[in-house]
1. Among the residues of region 6-21, write down those that are assigned to a helix (DSSP H, G or I) and in contact with a strand residue (DSSP E or B) (Cβ under 9 Å, 6 or more places away or on another chain).
2. So which residues in region 65-82 are part of a strand (DSSP E or B) and over 18 Å from the mean Cα position of the chain (by Cα)?
3. Report yes if some residue within region 101-123 is exposed (fewer than 15 other Cβ atoms within 10 Å of the Cβ), part of a strand (DSSP E or B) and among the aromatic types (Phe, Trp, Tyr); otherwise report no.
4. Select, from 34, 24, 48, 87, the only residue that is in contact with an Asp or Glu (Cβ under 6 Å, 6 or more places away or on another chain), part of a strand (DSSP E or B) and among the β-branched types (Val, Ile, Thr).
5. In region 34-43, what residues are at pLDDT 95 or above and out of contact with any Lys or Arg (no Cβ under 9 Å at 6 or more places or on another chain)?
6. Condition first: among the aromatic types (Phe, Trp, Tyr), touching a strand residue (DSSP E or B) at 6+ places or on another chain (Cβ under 8 Å) and closer than 28 Å to residue 10 by Cα. Can you find one or more residues in region 41-63 that meet it?
7. Would region 15-27 turn up any residue that is polar (S, T, N, Q) and under 16 Å from residue 82 (Cα atoms)?
8. Being among the aromatic types (Phe, Trp, Tyr), in contact with a Leu (Cβ under 7 Å, 6 or more places away or on another chain) and touching a residue at least 40 places away in the same chain (Cβ under 8 Å) is the filter here; which residues of region 70-123 pass it?
Amino acid sequence: MNASLPVPASHIDLVERRTGVLATVDSHGQPQVTAIWFLLDEDGIIRTSLLRSRQKYKNMLSHPRATLFVIDGANPFRTLEMRCEVTFAEDLETTFFERIVRYYGQDPETFPAPRENRVILELRPIHVVTNG
């Protein structure tokens, strides 16, 4: 990992092959949370693959901010919270979808998730909070 990334060295292990909880806000102001796989790339941007039909995608179109929260399974008092600005990028060839599925040790050809109508969610941390 690059030293310019927003995650302190003390918590970098929490973004490596972990599941995070993505929190968004729906059109009624109600929080919505979802467990996601994600990658923290060298450019400091957190990326994941989403279906355009999912509620979290619709939420972030209306409110382009989200929080990604990761907890250490061995120490529940050690956490990482990243408050982020949201943008989207196309993944027409599902290249990123395949990348993230492989990163988490799965085969994209047999992975039981739709491949059509995907988009790359890009989260740019603007505030990072660590505990533990």
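The values are calculated or read from the model by the stated rules, or taken from the named source; none is laboratory data. Values in this document were obtained by computation on a predicted structure and should not be read as measured data. As a convention, Cβ positions derive from the backbone with ideal geometry for all residues, glycine included, and neighbour counts pool all protein chains shown.
1. 10, 11, 12, 13, 14, 15
2. Looking only at region 65-82, we keep the residues that are part of a strand (DSSP E or B), and these are 65-72, 75-82.
Answer for region 65-82, where residues must be part of a strand (DSSP E or B) and over 18 Å from the mean Cα position of the chain (by Cα): 75, 76, 77, 78.
3. no
4. Result of the check over 34, 24, 48, 87: 87.
5. Of everything in region 34-43, just one residue is at pLDDT 95 or above and out of contact with any Lys or Arg (no Cβ under 9 Å at 6 or more places or on another chain), namely 35.
6. No, there is no match, as no residue in region 41-63 is among the aromatic types (Phe, Trp, Tyr), touching a strand residue (DSSP E or B) at 6+ places or on another chain (Cβ under 8 Å) and closer than 28 Å to residue 10 by Cα.
7. Yes.
8. Residues of region 70-123 that are among the aromatic types (Phe, Trp, Tyr), as a first pass: 77, 88, 96-97, 103-104, 111.
Narrowing the set further to residues that are in contact with a Leu (Cβ under 7 Å, 6 or more places away or on another chain) leaves 88, 103.
Residue satisfying the conditions is 103 alone.
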